[in-house]
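Novice: Quick one: the structure is below, and I'll ask about it shortly.
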Amino acid sequence: MTTTQPPHRIVGLLKVVCGPMFSGKTELLLSLLRRAELARKKVLLIKNHVDTRNTEDFVVGHDGTKRTALLVKNNSGDFMEIIDAAQKVDVVGFDETQFFSKEIIGTIETLVLMGKSVIASGLDLDFRGVPFNSVAMLSSMADEIVKLSSVCMICGEEARFSQRIIDGKPANFHDPIILVGAEECYEPRCRSCFASRGPIMDGIIEKQI
Ligand code: ZN
């Protein structure tokens, strides 16, 4: 008896690069894209327009490396533009993935099924220590996750949290999650020095489900 093998479909893969602020996520993304080009792959970098700190169509790493990016907004037309632009490339990188609306999850899944290698870089936790939905979902779907850490600004241990500071004090739990361009700063902190308000995930998870 002969068995018929199902036709082999060419699919890509998804790699997620996540971690707190100042952990080198963008630098690693840019480095992986450079390596892909050395391997003669065509690459495309996508950046979200929400990040108004930098509305130019390029991404700059803290180490000064720079790459032109396709600037998109969170609407279905722009997500279709990503699919169109990706037709001509092998590798698609997303910078600051947490700024994209949840539709980015389906868009990235489509890219992987089209055979593209996708590298999505972004913050995994917001300033409250709560997972960003899109990055959390993509991490679960990923073939590979690179979770980076930074250095705690208080004690020097490994930092996985981004402490938001307004007027020199830890931000209030109920402040809006994204407040780009406001007078505030962030610093990496370890779990012990992170000024959270005790276990909070029960209530958050209930709301999300
Ligand atoms: Zn610490």
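Novice: A142 is checked against (1) within 16 Å of the ligand (Cβ to nearest atom); (2) at pLDDT 95 or above and fails just one. What number does that condition carry?
Specialist: Every listed condition holds for A142 apart from (1).
Novice: Of the residues that make up the range 185-195, is at least one acidic (D, E), more than 16 Å from the ligand (Cβ to nearest atom) and either at pLDDT 75 or above or in a strand (DSSP E or B) (or both)?
Specialist: Checking the range 185-195: not a single residue is acidic (D, E), more than 16 Å from the ligand (Cβ to nearest atom) and either at pLDDT 75 or above or in a strand (DSSP E or B) (or both).
Novice: Something else now. Of all residues being of a type in the set (D, E) and over 19 Å from P170 (Cα atoms) in the range 125-156, which is most open to solvent (accessible area, probe 1.4 Å)? Just the residue, please.
Specialist: D143
Novice: Can I ask one more? I'd like to check something: does the range 158-174 contain any residue that is under 25 Å from Q87 (Cα atoms), at pLDDT 95 or above and open to solvent by 60 Å² or more (accessible area, probe 1.4 Å)?
Specialist: No, because not a single residue in the range 158-174 is under 25 Å from Q87 (Cα atoms), at pLDDT 95 or above and open to solvent by 60 Å² or more (accessible area, probe 1.4 Å).
Novice: One residue is enough: does the range 26-43 have a residue meeting the conditions assigned to a strand (DSSP E or B) and open to solvent by less than 70 Å² (accessible area, probe 1.4 Å)?
Specialist: Yes: the range 26-43 contains one or more residues that are assigned to a strand (DSSP E or B) and open to solvent by less than 70 Å² (accessible area, probe 1.4 Å).
Novice: Then there's this: I'd like the full set of residues that are under 13 Å from the mean Cα position of the chain (by Cα), in a loop (DSSP other than H, G, I, E, B) and of a type in the set (A, V, I, L, M, F, W, C), limited to the range 9-21.
Specialist: Listed by number, the list holds a single entry, M21.
Novice: Sticking with this structure for a sec: Return only the number of the condition from (1) at pLDDT 95 or above; (2) within 16 Å of the ligand (Cβ to nearest atom) that A86 does not satisfy.
Specialist: Single failed check for A86: (2).
Novice: Another question, if that's okay. Considering only residues of the range 196-209 that are among the hydrophobic types (A, V, I, L, M, F, W, C) and either at pLDDT below 60 or within 20 Å of C18 (Cα to Cα) (or both), which is nearest to the ligand (Cβ to nearest atom)?
Specialist: In this case the residue turns out to be M201.
The values are calculated or read from the model by the stated rules, or taken from the named source; none is laboratory data. Values in this document were obtained by computation on a predicted structure and should not be read as measured data. Here the Cβ is made from the backbone with ideal geometry for all residues, glycine too, and neighbour counts use every protein chain on show. Just so you know, the surface numbers come from the protein's heavy atoms only, side chains and all, with ligands and any DNA or RNA stripped out. Shrake-Rupley method; radii C 1.70, N 1.55, O 1.52, S 1.80 Å.
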